[in-house]
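The values are calculated or read from the model by the stated rules, or taken from the named source; none is laboratory data. Just so it is clear, the model here is predicted, and its values are computed rather than measured. When we count neighbours, we look across all protein chains shown, and the Cβ atoms used for this are built from the backbone with ideal geometry, even at glycine. The protein model used for the area step is the full one, side chains on, heavy atoms only, and it has no ligands, DNA or RNA in it. Shrake-Rupley method; radii C 1.70, N 1.55, O 1.52, S 1.80 Å.
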Amino acid sequence: MRHKIIHSYKNHVPVDTVFSRWNLITGAIVLLITLTFITIGWYFPVDRSRLSLVFPKSNSQAATMTNGSGKWTVYEITLETGTNYSNPYSDVSLKAVFTGPNQQSITTYAFWYGTNTSGKNVYKVRFTPTVEGSWSYSITASPANTELTTNGTISVAAAPASAKGFVRRDPTYPSNFMYDNGSHYFLVGQTYYEIVRHALVNDTWKQAIDQSASYGMNKVRLLISHWAPGSDRAYSGLYPFVMNGTTVDRSRLNPTYWQKLDDVVNYLYQKGMVADIILFTDTSLAFGTQAQDEVYLKYAMNRYAAYPNVMWCLTNEWEYTEKPTTYWDWAGGVVRASDPWFTNGQALRPLSLHNKTSGSSGGKFSYFSSSWPVHAIIQWGIRNGAYTNGDQWGYKSITNNLGHSMPVVNDEYGYMYESNTTITMNRVIHRNVIWGIRMAGGYGSAGDARDSGNGSNFYIADWQYGPEYDDIKVMSNFWTTSGREYWKMTPQQSIITNGTRAYALGQSGKEFVVYAAAGGSVSITIPGSGTYSVTQINPSTGAATTLADVGAGSSKTYSLGSTDAVLDFTVKNNPTPTFTPTPTPTIRPTSTPTPTLRPIATITPTPTQGVPSADINKDGVVNVFDLGLLSSHYGQAVTSSSDEVTKNCDINKDNIINIFDLGILIGQYRL
């Protein structure tokens with residue numbers, strides 16, 4: 001009973017429909033009695049070796065722990081077995097249960113890593129603690145295998161300064177992303193679809209990541225199951241599964257490929273960049289039977305879900321896969337159910353899929369009515385033919401998809417140097433696109449269509465400098481280095497009374513930004529109240545010019561010259577953001593030092609930090625009286641008109657008094 005309640009609390013399983021109120025309260029009492037005996041054991045002399053009855057000694061002599069250095073960092077447990085499984089990918093299941101402070105529980109599964117030099121099968125468990133303190137773990141195998149059965153404890157320190165937690169959709173400002181620590185994530189994407197096949201050949205892919213990061217890019221789109229082996233799109237390399245000629249055996253892994261994918265994801269993790277993992281591609285080689293696809297999806301979750309820098313994309317251009325919408329609704333459900341870190345309260349991990357280019361219809365995301373997506377990915381750009389100016393298609397690609405409480409990401413707005421029959425993506429058009437997307441409140445991903453000799457750079461992760469990267473850095477710096485609360489800003493087109501291809505984004509009473517894609521004359525009615533400071537920024541150089549202050553309620557016309565320009569208006573009674581001009585980037589050398597993994601930390605701070613108080617009656621202690629109040633209100637909905645006691649019983653503030661509130665109370669119960 002105890003494990004079921006804890007497990008349900010973590011994964012939001014609706015156990016209210018399974019257990020009656022009496023069963024819940026009875027279970028709580030049993031838990032409290034158990035806690036009482038444990039407490040007595042700590043205060044009075046007992047033989048503490050008997051505590052091993054709760055966590056039996058490990059039968060495995062090969063279990064090792066590496067990596068993690070505190071909260072929100074990845075720990076890895078490695079186990080080995082001499083058992084010669086017919087198919088080690090699928091013949092054994094290793095369940096790992098981690099129990100932390102306040103009885104938080106995370107259940108994940110091991111994955112087969114490959115064989116070592118001794119011929120033993122190697123399995124790994126990856127785990128990221130979400131709170132600091134002491135965590136215990138227990139790993140069991142099915143079918144039973146004593147070499148793959150172990151347990152232990154991890155002492156988790158406070159998060160290091162570089163660790164922000166998992167990337168999630170912001171529940172308060174749901175058109176934006178945030179981290180678990182409350183800071184916001186301004187997504188600027190890069191596209192390197194087949195970076196793993198490149199990495200199997202040499203290490204120059206690291207330069208592509210380093211250089212992308214140096215220009216303000218913080219996400220890389222990459223494939224697990226790539227396009228056809230031997231294609232001219234990239235290095236021929238290997239495939240994630242065993243190949244029999246030109247046929248893929250989806251029941252058997254190719255460990256070498258997955259180990260190289262580990263290197264790529266881990267390198268991005270060390271660099272503070274997001275790995276946008278695309279699970280399928282629009283080719284028949286990417287799919288097996290539905291049962292095989294389910295095993296594959298769960299395996300990918302077991303292997304990569306613990307990385308806080310991972311977000312999920314089910315497939316590229318789902319329409320070309322010839323799979324129906326029901327298949328993708330099913331696959332989205334598998335991912336959500338199999339990722340132990342998918343949910344943190346109302347903040348969800350990004351999950352979506354990619355639409356095909358959709359002509360002049362507006363690039364609408366196809367799955368707004370489904371229950372599984374967390375953000376909307378679209379492809380609408382140079383190949384659509386709806387507009388000739390990048391800012392126009394960039395802006396419309398986002399506004400056509402707003403209003404669904406999701407971030408909107410144009411992950412393929414057109415690649416640098418790409419051409420169609422009427423347009424070539426030059427620097428000005430590309431800069432117009434990235435600003436048009438942002439001025440609508442959206443995000444985007446770039447890519448370089450040039451061929452460095454091995455295939456297009458956006459496929460294989462070869463690096464070539466282009467001035468478009470300078471523009472990306474200026475745009476990224478403008479929104480992220482000056483204290484702007486961009487996640488609170490929304491389109492404000494009504495303040496622009498005259499201007500060609502001019503866009504406004506702002507936050508009432510604080511700040512608004514105008515981007516004039518064609519320059520020229522722009523007239524603005526200044527909103528709000530007070531006085532605004534005004535700065536003009538050159539989006540190609542980052543140079544900033546201070547203009548005269550303006551008062552709210554007035555109308556002002558600006559002559560901005562013949563090229564695009566940015567105007568920033570900030571209310572003067574607030575701290576004025578100061579934009580830092582972007583220096584000309586310096587191309588880094590191709591050699592890249594190998595990142596050093598950090599040791600396990602052993603500091604154990606107070607485990608209740610950040611947990612809401614369960615002191616319902618506000619008498620300074622969580623005890624049987626609070627339990628009685630919660631039980632008497634159990635199952636009630638909480639509204640703004642509810643009395644104070646009822647509101648206090650809703651400990652996690654999700655407007656219902658249920659098992660989740662009971663779990664918090666039990667974790668804080670004072671004996």
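Using every Cα-Cα pair within segment 460-501, state what percent have a distance larger than 13 Å.
For segment 460-501, the fraction of Cα-Cα distances above 13 Å is 72 percent.
Semi-axes of the equivalent ellipsoid for segment 286-441, please: Cα gyration tensor eigenvalues, times 5, square-rooted, ordered largest first, whole Å.
For segment 286-441, the ellipsoid semi-axes come out as 30, 17, 14 Å.
Please list, ordered by chain and number, the residues whose modelled amide H lies under 5 Å from the amide H of Thr283; skip anything fewer than 5 residues away on the same chain.
Sorted by chain and number, the residues that satisfy this come to none at all.
Between Asn116 and Ser640, what is the spin-label point distance in nm, taking each point 7 Å from the Cα along the Cα→C-beta axis?
Inter-label distance under the simple model: 6.2 nm.
Between Arg252 and residues 5 or more places away or on another chain, which pairs have amide H atoms under 5 Å apart, with H built 1.01 Å from N, and which residues are they?
Excluding prolines and chain starts, which carry no amide H, the hits are Val242.
Just the Cα atoms of segment 169-289: what Rg and Dmax do they give in Å?
16.1, 51
Hey, which of these cross-link pairs are over 24 Å Cα-Cα: Lys618/Lys653; Lys271/Lys488; Lys120/Lys219?
Violating the 24 Å limit, Cα to Cα: Lys271/Lys488; Lys120/Lys219.
Can you list the HN-Hα couplings for segment 642-659, worked out from phi with the Karplus curve (6.51, -1.76, 1.60; θ = phi - 60°), rounded to whole Hz and with x for Gly and Pro?
Going residue by residue, I get 5, 6, 5, 5, 4, 4, 5, 5, 7, 5, 8, 6, 9, 6, 8, 9, 8, 4 Hz, with x marking Gly and Pro.
Which percent of the accessible heavy-atom area of segment 469-541 goes to carbon and sulfur, probe 1.4 angstrom?
Within segment 469-541, the accessible surface is 45 percent carbon and sulfur.
So, for segment 360-450, what is the accessible surface per residue at a probe of 1.4 Å, expressed in square angstrom?
29 Å²
In terms of modelled amide H atoms, which long-range or inter-chain residues lie less than 5 Å from the amide H of Gly68?
Those qualifying (amide H under 5 Å, at least 5 residues apart or on another chain) are Tyr75, Glu76.
Normalised by the residues of segment 617-671, what does the relative contact order come to in percent, with Cα pairs under 8 Å and at least six apart?
So the answer I get is 39 percent.
Considering only protein heavy atoms and a 1.4 Å probe, what is the carbon-and-sulfur percentage of the accessible area of segment 387-438?
Result for segment 387-438: 50 percent of the exposed heavy-atom area is carbon or sulfur.
Please state the shape class of segment 320-364: rounded when a/c is under 1.5, otherwise prolate if a/b exceeds b/c and oblate if not, all from the C-alpha gyration tensor.
Taking the square roots of the gyration eigenvalues as a ≥ b ≥ c, segment 320-364 is oblate.
Over all alpha-carbon pairs in segment 72-157, figure out the percentage whose distance exceeds 19 Å.
The calculated P(r) of segment 72-157 puts 38 percent of pairs beyond 19 Å.
Find the percent of Cα-Cα distances in segment 191-230 that exceed 15 Å, and round it to a whole number.
43 percent
Rolling a 1.4 Å sphere over the protein heavy atoms, what is the accessible area per residue of segment 231-328, to the nearest Å²?
Result: 34 Å² per residue.
Could you run the Karplus curve 6.51 cos²θ - 1.76 cosθ + 1.60 with θ = phi - 60° over segment 329-338 and give me ³J(HN,Hα) per residue in whole Hz, x for Gly and Pro?
5, 5, 4, x, x, 5, 4, 4, 6, 9
Quick one: Karplus J couplings for segment 454-461, per residue in order, coefficients 6.51, -1.76, 1.60, θ = phi - 60°, nearest Hz, x for Gly and Pro?
Values, residue by residue: 10, x, 4, 4, 6, 7, 10, 6 Hz.
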